Amino acid sequence: MLLEDGFEGIVGLDPSIRLLRFARSRLARRFCPIVGVAENLPFRPGSLGAVITCFSLRDVVNLGLSLEEFARATRRGGALAIVDIGKPDSGFWRALIGFYISRVMPVLARVLIRGRTPGNPFKMIITTWEKLLTNRRLSDLIEQSFGPCVLKSFFLGGLAVFEADRFSVWKDILQ
């Protein structure tokens with residue numbers, strides 16, 4: 001989709017060589033696979049035009065450091081887009097989504113998997129959900145680290161899209 005939308009090349013970062021090889025087999029020369037993690041990006045400051053992360057930021061070891069690294073590696077005028085499961089700000093919706101993730105989703109996954117893989121790998125989402133920041137808190141953290149952020153939420157806040165612009169941030173000016 002990114003290539004169809006005009007991106008000239010894509011750098012894919014993942015700790016899994018297997019996933020990177022799969023992506024390379026589908027995208028060929030317009031994809032540059034790099035083994036790494038968000039907390040320690042192997043890019044020069046300001047070398048990226050945009051950072052996009054889909055359903056992976058929730059699993060980084062150090063969220064604050066990852067956002068700082070995104071800001072460091074993205075040039076001014078660049079962008080950050082994050083798509084991930086969300087944790088609603090409202091206690092009621094948070095409880096409802098939490099119930100779905102901890103009680104309903106594992107049962108649905110077990111039925112849909114039907115013995116194709118051992119165990120239920122979707123159960124890991126429960127611990128992921130528990131450590132998530134609320135959507136508003138994550139949006140605030142993105143603004144502090146990266147720049148102005150717009151939060152769009154869907155499915156009662158259970159899916160969140162964060163869009164941030166890398167403009168002059170006070171801490172950059174002070175450095």
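The values are calculated or read from the model by the stated rules, or taken from the named source; none is laboratory data. All of these numbers come straight from a predicted model, not from anything done at the bench. Reconstructed Cβ throughout: ideal geometry from the backbone, glycine too, with neighbour counts over all protein chains shown. To get the accessible areas, we keep the full protein, side chains included, count just its heavy atoms, and leave off ligands, DNA and RNA. Shrake-Rupley method; radii C 1.70, N 1.55, O 1.52, S 1.80 Å.
Data for the structure
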{"quantity": "Average accessible area per residue (Å²) across the range 37-175 - probe 1.4 Å, nucleic acids and ligands excluded", "calculated": "58 Å²"}
{"quantity": "Long-range amide H partners of residue 79 with built H, under 5 Å", "calculated": "50, 51, 166"}
{"quantity": "√(5λ) per eigenvalue of the Cα gyration tensor, the range 81-168, largest first, Å", "calculated": "29, 14, 10"}
{"quantity": "Net dipole in debye of the range 1-92 [+1 Lys, Arg Cβ; -1 Asp, Glu Cβ; about Cα centre; nearest 20]", "calculated": "400 debye"}
{"quantity": "Alpha carbon centroid spacing (whole Å) that separates the range 1-53 from the range 77-131", "calculated": "25 Å"}
{"quantity": "Cβ crowding within 10 Å averaged over residues, with 44-50, 82-88 ranked highest first", "calculated": "82-88, 44-50"}
{"quantity": "Whole-Å semi-axes of the range 50-111's equivalent ellipsoid (Cα gyration tensor)", "calculated": "30, 13, 10"}
{"quantity": "Heavy atoms of residue 52: accessible area, 1.4 Å probe, square angstrom to 10", "calculated": "80 Å²"}
{"quantity": "Under-5 Å amide H pairs with residue 11, H placed in peptide plane, nonlocal only", "calculated": "32"}
{"quantity": "Solvent-accessible area of residue 149 with every protein chain in place, 1.4 Å probe, in Å² to the nearest 10", "calculated": "20 Å²"}
{"quantity": "DSSP bridge pairs, the chain: antiparallel proportion in percent, nearest 5", "calculated": "55 percent"}
{"quantity": "The chain, helix-only ellipticity at 222 nm - DSSP H runs n ≥ 4, -39,500 (n - 2.57), divided by all residues, nearest 500", "calculated": "-10500 deg cm²/dmol"}
{"quantity": "Cα-based convex hull, the chain, per residue volume (Å³, whole number)", "calculated": "135 Å³"}
{"quantity": "Extension gain from residue 103 to residue 90, taking 0.36 nm per residue of separation minus the Cα-Cα distance", "calculated": "2.7 nm"}
{"quantity": "Solvent-accessible surface ranking, highest first, for 136, 58 at 1.4 angstrom", "calculated": "136, 58"}
{"quantity": "Neighbourhood net charge (13 Å Cβ-Cβ; Lys/Arg +1, Asp/Glu -1) for residue 36", "calculated": "-3"}
{"quantity": "³J(HN,Hα), Karplus 6.51/-1.76/1.60, whole Hz, each residue of the range 83-96, x for Gly, Pro", "calculated": "10, 6, 5, x, 10, x, 6, 6, x, 5, 5, 4, 5, 5"}
